[in-house]
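K.L.:
I have a structure here, written as C-alpha cells, and I will follow up with some questions on it.
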Amino acid sequence: MLLELPRWTVEYGASRLLDLAAVALPDRDLGAGRPVLVLPGFSAHDRLTGRLRGHLAQRGWQVHGWELGSNHGLTERIVTGLPQRLAEVADRYDEPVAVVGWSFGGLLARWLAHEHPDRVRQVVCLGSPWRAEGERTRATGMFEKSREKHGIVENAREIVDLLRGPVPVPLTAVWSRTDGIVPWRGCTVDEQVEPPAENVEVVSSHVGMVANPLVLSVVVDRLRQDPAAWEPFAWRNVLPGLPGAAS
C-alpha cells in the first residue's frame, strides 16, 4: 500500500514522457474518431483518469470522462446518472461506446454492458476485482465508510448478482500480481465464453493502472479491435521489439 504512490509517480512520468516524445505519431488515427467512456476507480474522479484519456485522445479516439464527480459506489446518483451518460455519448456519435473502467469503475463498466449491450462496443477493466466473494481487502474499509456516508441503492444485490454472469460484449481484464490494493485473482475472468473475454497480466501498481505505459499500450491494442473480427491479445503485437515477447 505504501509503495503505491511512488510507483504511480514513476508510471505517470514514464507515460507522460513517452507521449511528449511522440510528436509525430504514426498511430495518431488508430481510434478513427470512435467514442470511449472512461470510468474512475472507487473514491476517484475524472482528474485521476486524465493521463489515460489524454493518451487515447492523442491516438485518435473521442474520449470522455464520466462527469459524475467522485465514484462512491452504487449510489442513487451513479446508478441513475451513468446509464444517462452512456446514452449521451452513444447518441452523440450514433454508435456503441467502448467503456474503460478502472478498479470499481470496471465493475460499473460490466454493469453497463449487461444493461445496455446495444450501446457498449467493448469493455476494458483495469484492476477490477469483480469476484472478491466477500474477501476483505485494503479497500474494504473505504467501501464500508462510503456506504455509511453516501448510501447504496436498494437493488445493489441484484446488480452484484448480474455482474457474476458473462459480459455480453468483448471483455478484457487487465490485472497485476503486484497490485497493492486489490487481490489479483479476483480481477481475472473466465476466458471460455462468447463474446470473447481475456485476461492480460501486466506489472503495475493499482493506482498506476491509468498511467502505466504497459497498461496504456494494452488498452490501445484492445480498443483497436473490431468486435466482429476479434483477435486475441499478444504482447508481440504491442511490443514487437521486446525480447521473448509472447502472447
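The values are calculated or read from the model by the stated rules, or taken from the named source; none is laboratory data. Since the model is a prediction, treat every value here as computed from it, not as a measurement. Neighbour counts are summed over all protein chains in view; Cβ atoms, including those assigned to glycine, are modelled from backbone coordinates with ideal geometry.
K.L.:
Would you please name the residue that is surrounded by the most Cβ atoms within 10 Å (Cβ to Cβ), looking only at residues in region 48-99 that are touching a residue at least 60 places away in the same chain (Cβ under 8 Å) and part of a strand (DSSP E or B)?
P.N.:
Val99
K.L.:
Taking Val160 and the conditions (1) in a helix (DSSP H, G or I); (2) under 26 Å from Asp118 (Cβ atoms); (3) modelled with pLDDT under 90; (4) over 20 Å from the mean Cα position of the chain (by Cα), which numbered condition does it fall short on, given that it satisfies the others?
P.N.:
The number of the failed condition is (4).
K.L.:
Could you figure out which of (1) over 28 Å from Ala32 (Cα atoms); (2) free of Cβ contacts under 8 Å to residues at least 12 places away in the same chain; (3) not basic (Lys, Arg) isn't true of Ala229?
P.N.:
Among (1) over 28 Å from Ala32 (Cα atoms); (2) free of Cβ contacts under 8 Å to residues at least 12 places away in the same chain; (3) not basic (Lys, Arg), the lone unmet condition for Ala229 is (1).
K.L.:
For residues in region 34-47 being touching a residue at least 60 places away in the same chain (Cβ under 8 Å) and within 15 Å of Val99 (Cα to Cα), which is farthest from the chain's Cα centre (by Cα)? Quick ask: steps written out before the conclusion?
P.N.:
Residues of region 34-47 touching a residue at least 60 places away in the same chain (Cβ under 8 Å): 34-44.
Narrowing the set further to residues that are within 15 Å of Val99 (Cα to Cα) leaves 34-41.
Details: Arg34: 16, Pro35: 14, Val36: 11, Leu37: 9, Val38: 7, Leu39: 7, Pro40: 8, Gly41: 9 Å.
Restricting to residues being touching a residue at least 60 places away in the same chain (Cβ under 8 Å) and within 15 Å of Val99 (Cα to Cα), the top hit is Arg34.
Let's see how each residue does on (1) modelled with pLDDT of 90 or more; (2) farther than 18 Å from Asp221 by Cα; (3) in contact with a helix residue (DSSP H, G or I) (Cβ under 6 Å, 6 or more places away or on another chain):
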{"site": "Ala109", "(1), (2), (3)": "yes, yes, no"}
{"site": "Asp118", "(1), (2), (3)": "yes, yes, no"}
{"site": "Val123", "(1), (2), (3)": "yes, no, yes"}
{"site": "Arg131", "(1), (2), (3)": "no, yes, yes"}
{"site": "His150", "(1), (2), (3)": "no, yes, no"}
{"site": "Pro170", "(1), (2), (3)": "yes, no, yes"}
{"site": "Ser205", "(1), (2), (3)": "yes, yes, yes"}
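K.L.:
Residues that are part of a loop (DSSP other than H, G, I, E, B) and surrounded by 24 or more Cβ atoms within 10 Å (Cβ to Cβ): does region 101-111 have at least one? Walk me through how you get there before you give the answer.
P.N.:
So in region 101-111, the residues part of a loop (DSSP other than H, G, I, E, B) come out as 103.
If we keep only those that are surrounded by 24 or more Cβ atoms within 10 Å (Cβ to Cβ) as well, we get 103.
Within region 101-111, one or more residues are part of a loop (DSSP other than H, G, I, E, B) and surrounded by 24 or more Cβ atoms within 10 Å (Cβ to Cβ).
K.L.:
Got a number for residues in region 217-231 being touching a strand residue (DSSP E or B) at 6+ places or on another chain (Cβ under 8 Å) and outside any loop (DSSP other than H, G, I, E, B)?
P.N.:
Step one: list which residues in region 217-231 are touching a strand residue (DSSP E or B) at 6+ places or on another chain (Cβ under 8 Å), which gives 218-219, 222-223, 225, 227.
Cutting the leftovers down to outside any loop (DSSP other than H, G, I, E, B) gives us 218-219, 222-223, 227.
Residues that pass the stated criteria total 5.
K.L.:
Just one of the numbered conditions (1) touching a His at 6+ places or on another chain (Cβ under 6 Å); (2) within 15 Å of Ser70 (Cα to Cα); (3) at pLDDT 95 or above is not true of Trp102; which one?
P.N.:
(1)
K.L.:
Which residue pairs have Cβ atoms under 6 Å apart, sit 6 or more places apart or on different chains, and have a first residue in region 185-205 that is within 14 Å of Ser128 (Cβ to Cβ) and free of Cβ contacts under 8 Å to residues at least 40 places away in the same chain and a second that is of a type in the set (A, V, I, L, M) and part of a helix (DSSP H, G or I)?
P.N.:
Going by the 6 Å Cβ cut-off, the qualifying pairs are Val200/Val218; Val202/Leu214; Val202/Val215.
K.L.:
Can you name the condition, by its number, that Gly31 falls short on among (1) over 14 Å from the mean Cα position of the chain (by Cα); (2) at pLDDT 90 or above; (3) surrounded by fewer than 18 Cβ atoms within 10 Å (Cβ to Cβ)?
P.N.:
Only one criterion in (1) over 14 Å from the mean Cα position of the chain (by Cα); (2) at pLDDT 90 or above; (3) surrounded by fewer than 18 Cβ atoms within 10 Å (Cβ to Cβ) is unmet by Gly31, namely (3).
K.L.:
How many of the residues making up region 163-179 are assigned to a loop (DSSP other than H, G, I, E, B) and in contact with a Leu (Cβ under 6 Å, 6 or more places away or on another chain)?
P.N.:
Our first condition is that a residue be assigned to a loop (DSSP other than H, G, I, E, B); within region 163-179, this holds for 164-170, 176-179.
Keeping just the survivors that are in contact with a Leu (Cβ under 6 Å, 6 or more places away or on another chain) gives none.
Here the count works out to 0.
K.L.:
Just a yes or no: is a residue in region 183-190 in a helix (DSSP H, G or I), surrounded by fewer than 23 Cβ atoms within 10 Å (Cβ to Cβ) and not charged (D, E, K, R)?
P.N.:
Initially, region 183-190 is screened for residues in a helix (DSSP H, G or I), giving 184-187.
Still in the running and surrounded by fewer than 23 Cβ atoms within 10 Å (Cβ to Cβ): 184-186.
Okay, now just the ones that are also not charged (D, E, K, R), so 184, 186.
Looking through region 183-190, at least one residue is in a helix (DSSP H, G or I), surrounded by fewer than 23 Cβ atoms within 10 Å (Cβ to Cβ) and not charged (D, E, K, R).
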